[in-house]
1. When the range 63-103 is examined, which residues are found to be closer than 22 Å to VAL31 by Cα and either at pLDDT 85 or above or under 16 Å from the mean Cα position of the chain (by Cα) (or both)?
2. Does the range 112-135 hold any residues that are assigned to a helix (DSSP H, G or I) and without any contact (Cβ under 8 Å) to a residue 40 or more places away in the chain, and which are they?
3. Cβ-Cβ distance below 6 Å, separation of 6 or more or different chains: which pairs start in the range 140-152 with a residue that is within 16 Å of CYS98 (Cβ to Cβ) and in contact (Cβ under 8 Å) with a residue 60 or more places away in the chain and end on one that is crowded, with 17+ Cβ neighbours inside 10 Å and among the small types (Gly, Ala, Ser)?
4. How many residues does the range 9-59 hold that are surrounded by fewer than 17 Cβ atoms within 10 Å (Cβ to Cβ), within 25 Å of LEU72 (Cα to Cα), at pLDDT 90 or above and of a type in the set (Gly, Ala, Ser)?
5. Checking the structure you have, find out if any residue of the range 184-195 is at pLDDT 85 or above and hydroxyl-bearing (Ser, Thr, Tyr).
6. Can you name the residue in the range 92-110 that is free of Cβ contacts under 8 Å to residues at least 60 places away in the same chain and surrounded by 15 or more Cβ atoms within 10 Å (Cβ to Cβ) and, of all such residues, is farthest from THR145 (Cα to Cα)?
7. Between residues in the range 29-44 that are over 22 Å from TYR129 (Cβ atoms) and in contact (Cβ under 8 Å) with a residue 24 or more places away in the chain and residues that are aliphatic (A, V, I, L, M) and part of a loop (DSSP other than H, G, I, E, B), which pairs lie under 9 Å by C-beta distance while being six or more apart or on different chains?
8. Quick check: is even one residue across the range 111-132 modelled with pLDDT of 95 or more, crowded, with 19+ Cβ neighbours inside 10 Å and either closer than 29 Å to ARG8 by Cα or within 14 Å of the chain's Cα centre (by Cα) (or both)?
Amino acid sequence: MPDQARSRRVLPWLLLAGAVTLLDQWTKALVVAHLSDGGAIAYNPIFSLVLAYNPGAAFSFLAGAGGWQRSLFIVIALVAVIAIAVLLWRAREDSLFCASLAFILGGALGNLLDRIRIGEVVDFLLFHYQAWAFPAFNLADSAITLGAALLIYDSLRGRTDERRDDEQRAHEHRAGAVGRDAPAGTPDSSNLSER
């Protein structure tokens with residue numbers, strides 16, 4: 001595929017990734033502007049907006065590591081962003097696969113920008129019930145999770161399609177074999193539908 005055609009095919013997915021990144025950064029800026037660190041606005045018994053800074057990874061993994069993890073997570077995110085961009089560039093015209101990558105790319109860029117600018121990620125969505133609380137997260141995390149779920153669905157869908165194609169080929173092979181093995185003057189399965 002010529003590079004110009006490929007660029008046109010990839011552009012909408014890069015725009016989607018950019019929109020996810022911008023929306024993530026905008027919502028984080030709103031929360032930072034309206035809440036103090038550790039502040040919360042409870043909307044109902046199960047959902048609150050909070051302002052939490054996470055120097056670690058998902059579920060605050062390595063949050064208390066002393067600062068060295070910032071560089072590690074920046075490098076990991078940069079590698080992931082480059083790898084995803086290459087996958088998008090090389091991908092066929094599979095919309096679900098490309099959308100999945102775009103959501104993951106946009107989320108990774110959103111959290112990467114936080115790490116570069118302030119050294120930690122701004123989290124603000126908190127789901128809870130009584131004493132239980134799911135760790136706070138942000139739109140970038142949500143986009144990454146959505147993208148991963150779509151990738152899993154796409155891979156399962158691909159296996160189902162491949163299995164269906166294999167079954168169709170096997171059926172056609174059996175039908176052809178029945179027609180070849182039938183004695184002269186005996187109708188084969190392909191002729192039965194015409195009668």
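The values are calculated or read from the model by the stated rules, or taken from the named source; none is laboratory data. What you see is a predicted model; the values in this text were computed from it and never measured. Note that we place each Cβ from the backbone using ideal geometry, even for glycine, and neighbour counts take in every protein chain shown.
1. PHE103
2. Within the range 112-135, the subset assigned to a helix (DSSP H, G or I) is 112-118.
Passing the criteria: LEU112, ARG117.
3. Filtered contacts from the range 140-152: ALA143/GLY106; ALA143/GLY107.
4. 2
5. In the first step, residues of the range 184-195 are kept if they are at pLDDT 85 or above; the result is none.
Looking through the range 184-195, none of the residues is at pLDDT 85 or above and hydroxyl-bearing (Ser, Thr, Tyr).
6. Within the range 92-110, the subset free of Cβ contacts under 8 Å to residues at least 60 places away in the same chain is 92, 95, 97, 100, 104, 108.
Going one step further and asking which of them are surrounded by 15 or more Cβ atoms within 10 Å (Cβ to Cβ), we end up with 97, 100, 104, 108.
On the way: PHE97: 14, SER100: 9, ILE104: 8, ALA108: 11 Å.
Only one residue fits best here, namely PHE97.
7. Taking only residues 6 or more apart or on different chains, not a single pair turns up.
8. No.
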